[in-house]
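One structure below.
The values are calculated or read from the model by the stated rules, or taken from the named source; none is laboratory data. Source: prediction; values computed, not measured. When we count neighbours, we look across all protein chains shown, and the Cβ atoms used for this are built from the backbone with ideal geometry, even at glycine. To get the accessible areas, we keep the full protein, side chains included, count just its heavy atoms, and leave off ligands, DNA and RNA. Shrake-Rupley method; radii C 1.70, N 1.55, O 1.52, S 1.80 Å.
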Amino acid sequence: MEERDLRLCAVEGKALESLCERVYPAPVRAHRTAFQRDRDRIVQARAFRRLAGKTQVFTSRASDHFRSRLTHTIEVVQIARDVAAALGLNEDLAETLALVHDIGHPPFGHAGERALDKCLKQHGLRFDHNLHALRIVEHFEQRYAAHRGLNLTLGVREGIIKHSRDYKPEEHPALRSYFLGERPPLEAQLIDLADEIAYLTADLDDGVESGLLEIGHVCEHVAILRRCYEEVAKQHVGIDQRYLFNEALQLMQHALTDDLITTTRKNAEAIGARSLEDVRRHSSRLAVFSEQAESERQQEKRYLYSTLYTCSALENEHEKAEEVVTALFNFWVNNPQELPQGYLNDSEAEGVPRIVADYIAGMTDQYILLQFAEVRRAVRR
Ligand code: MG
């Protein structure tokens, strides 16, 4: 395989200069690039540390081995760096975007996000975790004396918003400086797929660990995993099913990663892409899976939805998540004076519902449960 042949499309050279701009001037550090500095700012952020206490799929910690949002994030970093390196892209940018990609997720995984969105809809607003991530790095992280936020580069802020989907300029006028009519750089495009690869592998692993999925059933219904399993079973005769499954998961992760690298390279070559501008102006994203890998990805995703994400065993957790988020949201919307002072101050400019959603979205699973218990006690008094 020819390596590093998308260098011309990478965020390097001139493209790098413009995407390294910050809102507030920051002195240059000789031994670290701008994106390395952003990476370190993110790793030092409070919102980043809180990822350790946020659900990925399983809310109740029935096993010490389930992924949290933090360990999931580290797995995405690993894949994103591999892909960026293989294609000759800017590895620092890819790493930084992978580290920050889930920073806007509320507690209780997707159940928490759905609940928060439902609450906001009643006030004519929506919850979007990418846009919330931007609010975190621009407003809620306070580490500098001269300004709010982490003062990240334009390239990282663009990637935070656009890594997983495109936003229409007419619907988001406030985001006009983020090239909304154009595709993001390949370093941002690949994050969404690295994320897919990471959770498609991890959720089968955690699903089997939880006892909700069974290896034979997974192999029967997930074609890509079945193929990998049959291959490793041929190589390791007489080995316990669980170890073969682990090997099959690794093989599947490698197969999807290789497919992403090969397909992205092929797509860039097909349109003769020779610069970041060519990537930006193309009508669709170049970083995608091949047709076969994409249809197998969709098959596995459907399987995970029906057998794991929406299974009755997790339904109780989802209902509890919705109850907690909704009760706290309504409590603070009706009693904004009970919010921490900083949030209360912000509510004047942004309106109470948005600020309450910001406050809730920042919480870990454990912290929101403590708040729920406290508020319930206070209401009863
Ligand atoms: Mg993710």
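Quick notes on this one:
- Within the range 21-49, tally of residues that are without any contact (Cβ under 8 Å) to a residue 24 or more places away in the chain and over 13 Å from residue 95 (Cα atoms): 8
- Enumeration of residues in the range 282-303 that are closer than 14 Å to residue 189 by Cβ and open to solvent by 20 Å² or more (accessible area, probe 1.4 Å): 282, 283, 284, 285, 288
- Residues located in the range 292-338, provided they are in contact (Cβ under 8 Å) with a residue 12 or more places away in the chain and of a type in the set (Gly, Ala, Ser): 293, 313, 321, 327
- The one condition in (1) open to solvent by 10 Å² or more (accessible area, probe 1.4 Å); (2) in contact with a Phe, Trp or Tyr (Cβ under 9 Å, 6 or more places away or on another chain); (3) more than 17 Å from residue 298 (Cα to Cα) that residue 193 fails to fulfil: (3)
- Annotation: of all residues in the range 142-186 being part of a helix (DSSP H, G or I) and within 16 Å of the ligand (Cβ to nearest atom), the one that is nearest to residue 83 (Cα to Cα) is 159.
- For the range 267-300, filtered to residues that are among the basic types (Lys, Arg) and touching a helix residue (DSSP H, G or I) at 6+ places or on another chain (Cβ under 7 Å), the residue that is modelled with the lowest pLDDT is 274.
- The set of residues in the range 27-47 that are open to solvent by 20 Å² or more (accessible area, probe 1.4 Å) and among the hydrophobic types (A, V, I, L, M, F, W, C) comprises 28, 30, 34, 43.
- Of all residues in the range 333-362, exactly one satisfies the criterion of being of a type in the set (A, V, I, L, M), open to solvent by less than 20 Å² (accessible area, probe 1.4 Å) and farther than 19 Å from residue 118 by Cβ, namely 339.
- For the range 51-101, the set of residues classified as open to solvent by 20 Å² or more (accessible area, probe 1.4 Å), within 15 Å of the ligand (Cβ to nearest atom), over 19 Å from residue 200 (Cα atoms) and touching a Leu at 6+ places or on another chain (Cβ under 9 Å) consists of 52 only.
- Failed condition for residue 158, given (1) closer than 20 Å to residue 362 by Cα; (2) touching a residue at least 12 places away in the same chain (Cβ under 8 Å); (3) not hydrophobic (A, V, I, L, M, F, W, C): (1)
- Among residues of the range 102-116, those that are within 15 Å of the ligand (Cβ to nearest atom) and either out of contact with any Asp or Glu (no Cβ under 7 Å at 6 or more places or on another chain) or within 19 Å of residue 267 (Cα to Cα) (or both), counted: 7
- Residue within the range 218-234 that is surrounded by fewer than 19 Cβ atoms within 10 Å (Cβ to Cβ) and closer than 29 Å to residue 162 by Cα present: no
- Among the residues of the range 102-125, the ones that are within 30 Å of residue 35 (Cβ to Cβ) and open to solvent by 10 Å² or more (accessible area, probe 1.4 Å) come to 2 in all.
- Residue list for the range 236-246, restricted to those being at negative phi and part of a loop (DSSP other than H, G, I, E, B): 236, 237, 239, 240
- Residues being over 19 Å from the mean Cα position of the chain (by Cα) and open to solvent by less than 20 Å² (accessible area, probe 1.4 Å) - total across the range 126-156: 2
- Top-ranked residue of the range 10-20 - restricted to ones that are open to solvent by 50 Å² or more (accessible area, probe 1.4 Å) and in contact (Cβ under 8 Å) with a residue 24 or more places away in the chain, ranked as nearest to residue 85 (Cα to Cα): 12
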